[in-house]
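Below is one structure, written out as structure tokens; the observations come after it.
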Amino acid sequence: MATRYILSDSPDLLYVITDLEGQIINCNDLFTEYCSHIKPKKLSDLMSEDSDVDEFVSKVKLSIEKSPLPIRLYAKTRQKNLSNRWIRWTVYCILGSLHFVGTELTDVTSISSHEYERQKKLLDDFRFMLSHELLQPLTSIEGLVKLALQDSPESTELRMMDECIGKLKVSFHALIKKAAREL
């Protein structure tokens, strides 16, 4: 019972319990949200291709035969925006019911333009923060240290602070340039 509770409340795992015929008995909130556009009666209703349905059915049969050992399968599911997304399902046959634990797989070679723009904005915000919110106070501190050095040119501590500030500024500028290149 504790395992069911942990999985049903997991923020990043799809969790579904079906009977041996595949009728959905219970599922977690993420699964409900994930397939709200389809409202499936069976888990196979989510599959976007017939070949995936066939493999899905054969893997479920294998899971029943090999109970309680897990069986893994991959299937494309239909998304709200009419695209397909891969899910890795692990199927367990336990006490006359099928337990499906799904993990959504991300295809990093086809990041959407929306995701690209979001990442670009994050990088631009990071660059702005470096160049304005962090570098500006550091430049002010550098000016104060240089003024103090004019009054006490023999101060080892002030010279060390000036050197450290110079190295820190070089690092900030390198990060700013790197962020600008990535944009």
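What number in nm² do you get for the chain if you take the convex hull of its Cα atoms and divide its surface by four?
Mean projected area for the chain: 16.2 nm², to one decimal.
With unit charges on the beta carbon (Lys/Arg positive, Asp/Glu negative), name the residue among GLN119, SER171, MET160 whose Cα is farthest towards the positive pole of the charge dipole of the range 113-182.
GLN119
Based on the Cβ-Cβ distance of LEU69 and LEU138, what FRET efficiency does E = 1/(1 + (r/R0)^6) give at R0 = 41 Å, to the nearest 0.05?
Values: r = 59 Å, r/R0 = 1.44.
In this case the efficiency is close to 0.10.
Just to confirm a number: summing +1 for Lys and Arg and -1 for Asp and Glu over residues other than CYS164 whose beta-carbon lies under 11 angstrom from that of CYS164, what do you get?
Working: positive: ARG159, LYS167, LYS169; negative: GLU142, GLU157, ASP162, GLU163.
So the surrounding residues net to -1.
Using Cβ counts within 10 Å as a stand-in for footprinting exposure, how do GLU115, GLU154 rank, fewest first?
Result, fewest neighbours first: GLU154, GLU115.
Determine the relative contact order of the chain: mean sequence separation of Cα pairs under 8 Å and six or more apart, normalised by residue count, in whole percent. Walk me through the numbers on the way to the answer.
Details: 220 pairs, mean separation 28.8, N = 183.
16 percent.
Could you pull out every residue, at least 5 positions away or on a different chain, whose amide H is within less than 5 Å of the one on ASN26? Hs are placed 1.01 Å off N in the peptide plane, and Pro or chain starts have none.
Amide H neighbours of ASN26: ILE17.
Describe numerically, in nm with one decimal, the distance between label points set 7 Å from Cα along Cα→Cβ at LYS39 and at SER131.
5.2 nm
With runs of 4+ DSSP H residues as the only contributors, calculate the mean residue ellipticity of the chain at 222 nm using -39,500 (n - 2.57) per run, divided by the residue total and rounded to the nearest 500.
Here the helix-only value at 222 nm equals -16000 deg cm²/dmol.
Which order do ILE94, ILE176 fall in if you start with the one that has the fewest other Cβ atoms within 10 Å?
ILE94, ILE176
Reachable aspartates and glutamates from LYS120, Cα under 18 Å, same-chain residues fewer than 8 places away excluded?
Partners within reach: GLU182.
Starting from 0.36 nm per residue, how many nanometres of slack lie between LYS61 and ARG88 once their C-alpha separation is accounted for?
So the extension gain works out to 8.0 nm.
Once the Cα gyration tensor of the range 113-182 is found, what semi-axes does its equivalent ellipsoid get, as square roots of 5 times the eigenvalues, in whole Å, sorted largest first?
Value: 35, 10, 6 Å, ordered largest first.
Using a basic spin-label model with each label point 7 Å from the Cα along Cα→Cβ, how many nm lie between ASP54 and LYS169?
6.9 nm
Angle between the Cα long axis of helix 50-65 and the longest principal axis of the chain, 0 to 90 degrees, nearest 10?
70 degrees
Putting +1 on Lys and Arg Cβ atoms and -1 on Asp and Glu Cβ atoms, find which of GLY102, ILE87, SER44 reaches farthest to the positive end of the dipole of the chain.
Ranked along the dipole, the leading option is SER44.
Do you know the relative contact order of the range 113-182, to the nearest whole percent, from alpha carbon pairs under 8 angstrom that are 6+ apart?
In percent, rounded to a whole number, it is 50.
About the Cα centre, and with charges only on the beta carbon of Lys, Arg (+1) and Asp, Glu (-1), how big is the dipole of the chain? Nearest 20 debye, please.
In total the dipole reaches around 340 debye.
Hey, fewest Cβ within 10 Å first, where do PHE172, PHE100, PHE128 land in order?
Placing the least packed residue first, the sequence is PHE128, PHE172, PHE100.
Taking the Cα centre of the range 2-107 as origin, work out the dipole magnitude from +1 charges on Lys and Arg Cβ and -1 charges on Asp and Glu Cβ, in debye rounded to 20.
60 debye
Each reported figure results from applying straightforward, stated rules to the coordinates on display, with no laboratory input. Here the structure is a predicted model, which is why all the values come from computation and not from measurement. Cβ coordinates were reconstructed from backbone atoms using ideal geometry, including for glycine residues, and neighbour counts include every protein chain displayed.
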